[in-house]
Structure formats: C-alpha cells, structure tokens
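The values are calculated or read from the model by the stated rules, or taken from the named source; none is laboratory data. Keep in mind it's a predicted model, so treat the numbers as computed, not measured. Here Cβ is always computed from backbone atoms with ideal geometry, including for glycine, and neighbour counts include all displayed protein chains. Only protein heavy atoms, including side chains, enter the accessible area calculation; ligands, DNA and RNA are left aside. Shrake-Rupley method; radii C 1.70, N 1.55, O 1.52, S 1.80 Å.
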Amino acid sequence: DTGVSQDPRHKITKRGQNVTFRCDPISEHNRLYWYRQTLGQGPEFLTYFQNEAQLEKSRLLSDRFSAERPKGSFSTLEIQRTEQGDSAMYLCASSPLAYNEQFFGPGTRLTVL
Amino acid sequence: GEDVEQSLFLSVREGDSSVINCTYTDSSSTYLYWYKQEPGAGLQLLTYIFSNMDMKQDQRLTVLLNKKDKHLSLRIADTQTGDSAIYFCAAGGGATNKLIFGTGTLLAVQP
C-alpha cells in the first residue's frame, strides 16, 4: 500500500499525559499537512510542511502542540498535557509540490479521559 | 476568514441523481474539492476543479462551479447504496494550498 499511513490508529490517554502521532506521507510528496476533525465537523487545518520546513501554523495549534518533519519524510505531531478538548481525529495529508491533490491518511483517533 | 457551507443531509433513492451543494466566501480560492468520508475511514478525494473552469465530469460525477455566486455542486448520477457517506466540499489556494472544509453533507441512499 503506497498511500498515506498514520500510527497509531487509536489512542486513549488520561488528561495531562503527552501523546505523539506519526504520519508517513506518500513517497516523494513534498507537502505534508495536519488537520483535526471533531465529531460532526469538517477537518480543520493545523499546520503545513514543505519538505522539512514548517511554513504555516493555525491559531488552533496552541503551545501544547508541536509538529516536526525532520528529514522531509515522515512527520510527528505531539500534544503535551492533553485536555479533554483535544479528543478528535487527527488527519495527515500529503501532496506533490507541483500538483494540488491532497491525499489523506486514515487518521489517528484520540480520546482523552 | 474563508467560510465554506453545505447543507447537512440529503436522502435519495437508489438509481436517482444526487446533487450536493456548497458555497464559499473567498473569491481567491483557486481549487475547489470534493471528498468522501465513509464511517470510521479517512477522506477519499473524489474530484477537484480549478477556479477558471465551469464544469468537470468524471464518470458518474459532475462538478459545476458558479464563480460569480461562489457556488459549487457535485452531481452523482445513478446513485448507489455504496455512495452513502459524508461528502465534504473544500476550498484551497495560496502558497500552501491549505484546505478549508465545509461541515459535510450526509448522503443517505435508500434501496
């Protein structure tokens, strides 16, 4: 399968714990996006990488959130001191630089108890 | 900021055509997308249209864009039960092409 993959698919954690999610984009896709989707809503943009550079962050991305893409391939999204309001589906998408199609992974569903 | 709106629910009978509508506010949106999401699954890109086009057809799917009214529609011909899902409209553009999504339209196909 050469699509976007995300790990883990599900994560249950207690409030106050740190969590980290991983995204492996489609090979050679320069662009990588993170979105968050809550129940009954459309996905909301969180952050964008072009290769290893993080070029845009949403106001939704509080100081507790950090994302990296150290070698321009996979990316990680870390949430520190999780809160119940962080419960959502976290989606990763990738795209070639020269094209405008964004391909989404299956998402990581986070539940904060 | 950009806002994208969709009706929440559409019910059709199998074999009929479905039309899902979307409006957006940012006239500088360059690309407009339709995604499908089935329960528990990620987003599947169905099609997209460049803002200087009026129409795009891809098998059973027809996208119509009225740029003056900032209105986008997705027509699904011969709707099947497997088409039951949530359909999201999204607008993109700019240097990053980040997508702004609508709240989604739940399409229910009755046998």
Unique match (being touching a residue at least 12 places away in the same chain (Cβ under 8 Å), within 23 Å of B:L43 (Cα to Cα) and away from chain B (no Cβ under 14 Å)) among A:T108, A:T82, A:T76 | A:T76
The strands (runs of 3 or more DSSP E) lying wholly within region A:3-45 that contain at least 1 residues that are modelled with pLDDT of 95 or more and within 12 Å of the chain's Cα centre (by Cα) are A:5-7, A:19-24, A:31-37
Could you grab the pairs with beta carbons closer than 6 Å, sequence gap of 6+ or different chains, first residue in region B:84-107 and closer than 14 Å to A:N100 by Cα and open to solvent by 10 Å² or more (accessible area, probe 1.4 Å), second one in a strand (DSSP E or B) and of a type in the set (S, T, Y)?
-> B:T96/A:Y48; B:K98/A:Y48
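Condition check ((1) modelled with pLDDT of 95 or more; (2) exposed (fewer than 12 other Cβ atoms within 10 Å of the Cβ)) across all residues:
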site: B:E38; (1), (2): no, no
site: B:G42; (1), (2): no, no
site: B:D54; (1), (2): no, yes
site: B:V109; (1), (2): yes, no
Is there any pair with a first residue in region B:33-47 that is over 12 Å from A:G107 (Cβ atoms) and a second that is in a strand (DSSP E or B) and among the β-branched types (V, I, T) whose Cβ atoms are under 7 Å apart and which are 6 or more apart or on different chains, and what are they?
-> B:W34/B:T47; B:W34/B:V63; B:T47/B:V63
Out of the residues in region A:50-73 that are over 23 Å from B:G94 (Cα atoms) and at pLDDT 95 or above, which is nearest to the other protein chains (Cβ to nearest Cβ)?
-> A:F65
